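What follows is a short report on a single structure.
Where a number appears in this text, it was derived from the coordinates with a stated rule and is not lab data. Treat the numbers as computed from the prediction; the structure is a model and nothing was measured. Heads up, the Cβs are rebuilt from the backbone with ideal geometry, glycines too, and the neighbour counts pull from every protein chain shown.
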Amino acid sequence: MRSEVLPEVPSISEFLPGYEMSAFYGLSAPRGTPAEIMESLNKAVDEALAGPAMHKKFADLGGIMLGGSPVEFDKFVVVETGKWANVIHEANIALME
């Protein structure tokens, strides 16, 4: 995916098909947080992310904003964790002591 900041610059995946690298940020709360609190926080975050100022700030930093529900974020984290765990395993990457 090309950057909004530099749309004329090809992405790495255009040269290396299948290449993927990403980082993400998200908010989480302790397990058992009441649903009404989660809904209120999620609504506030999604509203903030929808604003033009936040979109511009993220775009200026080369980021892409993705809002969504707590359930969607949970699924996303599970998929990302599994994907990168496979990369670590296949590449035989180990922690340095």
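By definition, a body whose alpha carbon gyration tensor gives a ≥ b ≥ c is oblate when a/c is 1.5 or more and a/b is not larger than b/c, and the stretch 8-59 fits this oblate description.
Over the chain, DSSP H runs of length four or greater, each weighted -39,500 (n - 2.57), average out per residue to a 222 nm ellipticity of -16000 deg cm²/dmol. For the chain, the alpha carbon positions stretch 44, 38, 25 Å along the principal axes, listed from largest to smallest. Applying both filters, DSSP loop and at most 15 other Cβ atoms within 10 Å, to the trypsin sites (Lys or Arg not before Pro) of the stretch 1-86 gives 2, 31.
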